[in-house]
Amino acid sequence: MTHLLQSPTQNKILGALPDEEYRRLLPFLELVHLPLGYVIHERSTRITQLYFPTTFIAARVYELRSGISRLVSMTGNEGVTDMFLLFGWDGTPATVLVQSAGYGYRIKANALKREFESGGALQQLLLRFSRTLLLQTEQSALEVYLTIEQRLCCFFLMILDRLPTDSMTMTHEFVSKMLGVRRESVSMAAHMLQVEGAIQYRRGHITVVNRKLMEDRVHEGYLMLREEYNNLLPADACNH
């Protein structure tokens, strides 16, 4: 019955739209539930649908020929998947997959693009959101200077910023794929965080029990991302 509690306005972009624009989009929005690891968009394939997350989180991952993958950005209920299609890209050089399972609303690309090109509030909100994606991409390039523990803390905190709870479901194997490092490195870093009392890990379930410990470990780039995330919407945003 959880799906009965879902509403498009749980997505911050949709929830901030003026009533007229919201009503125009509403008939095109389809509620879906996406499981962990579900591939939303394959690399180099044509995008025909986009998703507005309400409770799921999407990860944008670049995969190299060597087999190494790397998370460059994540999107929760603050945005929409692969919005760069709206700027004229038919496909994506990255794979977009579900990083945290949950609900969202699917919309055909041409319907969203038509509303975007009308130049209303949706366009302005999505342009603001695109800035957060670019900032995430820039920060991901700086992670080569960080320790595995710092990167893991930043990764967990960014997920928590987009979840209503302090718990998440994912394995060390999945985390290693997101960070582009060996699983053993993730296991060692997670063990250290657990010993220090920052997290509890049990059979693929991770709970953050001391967020401040993790925040003290991360670099200032995460704080910039959090500030951008918190200031994404205008103060007078509509919530219907």
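The values are calculated or read from the model by the stated rules, or taken from the named source; none is laboratory data. Every value quoted in this text rests on a predicted model; they were computed, and no experiment measured them. For neighbour counting, all protein chains shown are included, and Cβ atoms are generated from backbone atoms with ideal geometry for every residue, glycine included.
Residue 151: outside the structural domain of residue 61 (by TED's automatic domain parsing) and either of a type in the set (Lys, Arg) or without any contact (Cβ under 8 Å) to a residue 24 or more places away in the chain (or both), yes or no? It is true that residue 151 is outside the structural domain of residue 61 (by TED's automatic domain parsing) and either of a type in the set (Lys, Arg) or without any contact (Cβ under 8 Å) to a residue 24 or more places away in the chain (or both).
Residue-wise test of (1) modelled with pLDDT of 95 or more; (2) part of a helix (DSSP H, G or I); (3) in contact with a helix residue (DSSP H, G or I) (Cβ under 8 Å, 6 or more places away or on another chain).
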site: 84; (1), (2), (3): no, yes, yes
site: 93; (1), (2), (3): no, no, no
site: 98; (1), (2), (3): yes, no, no
site: 104; (1), (2), (3): yes, no, no
site: 110; (1), (2), (3): no, yes, no
site: 113; (1), (2), (3): no, yes, yes
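Taking the condition of being more than 18 Å from residue 117 (Cβ to Cβ) and in contact (Cβ under 8 Å) with a residue 12 or more places away in the chain, how many residues in the range 3-28 meet it? Residues that pass the stated criteria total 12. Of all residues in the range 1-54, those satisfying the criterion of being within 15 Å of residue 101 (Cα to Cα), β-branched (Val, Ile, Thr) and not in a helix (DSSP H, G or I) are 32, 39, 40, 54. Checked against the criterion of being hydroxyl-bearing (Ser, Thr, Tyr), closer than 30 Å to residue 193 by Cβ, assigned to a loop (DSSP other than H, G, I, E, B) and without any contact (Cβ under 8 Å) to a residue 24 or more places away in the chain, the range 55-77 contains one or more residues that satisfy it. Can you spot a residue in the range 2-22 that is among the basic types (Lys, Arg) and either touching a strand residue (DSSP E or B) at 6+ places or on another chain (Cβ under 6 Å) or surrounded by fewer than 18 Cβ atoms within 10 Å (Cβ to Cβ) (or both)? The answer is no, given that none of the residues of the range 2-22 is among the basic types (Lys, Arg) and either touching a strand residue (DSSP E or B) at 6+ places or on another chain (Cβ under 6 Å) or surrounded by fewer than 18 Cβ atoms within 10 Å (Cβ to Cβ) (or both). Annotation: residue 110 fulfils all but one of (1) surrounded by 13 or more Cβ atoms within 10 Å (Cβ to Cβ); (2) over 18 Å from the mean Cα position of the chain (by Cα); the unmet one is (1).
The conditions of being buried (at least 21 other Cβ atoms within 10 Å of the Cβ), without any contact (Cβ under 8 Å) to a residue 40 or more places away in the chain and farther than 23 Å from residue 231 by Cα are not met by residue 144.
Can you find a residue that is free of Cβ contacts under 8 Å to residues at least 24 places away in the same chain and of a type in the set (Val, Ile, Thr) anywhere in the range 176-194? Among the residues of the range 176-194, not one is free of Cβ contacts under 8 Å to residues at least 24 places away in the same chain and of a type in the set (Val, Ile, Thr), which makes the answer no. Considering 137, 54, 48, 132, the condition of being polar (S, T, N, Q), more than 22 Å from residue 177 (Cα to Cα) and surrounded by fewer than 16 Cβ atoms within 10 Å (Cβ to Cβ) is satisfied by 48 alone. When 167, 140 are checked against the criterion of being modelled with pLDDT under 90, of a type outside the set (Asp, Glu), touching a strand residue (DSSP E or B) at 6+ places or on another chain (Cβ under 6 Å) and not assigned by TED's automatic domain parsing to the domain that holds residue 51, a single residue qualifies: 140.
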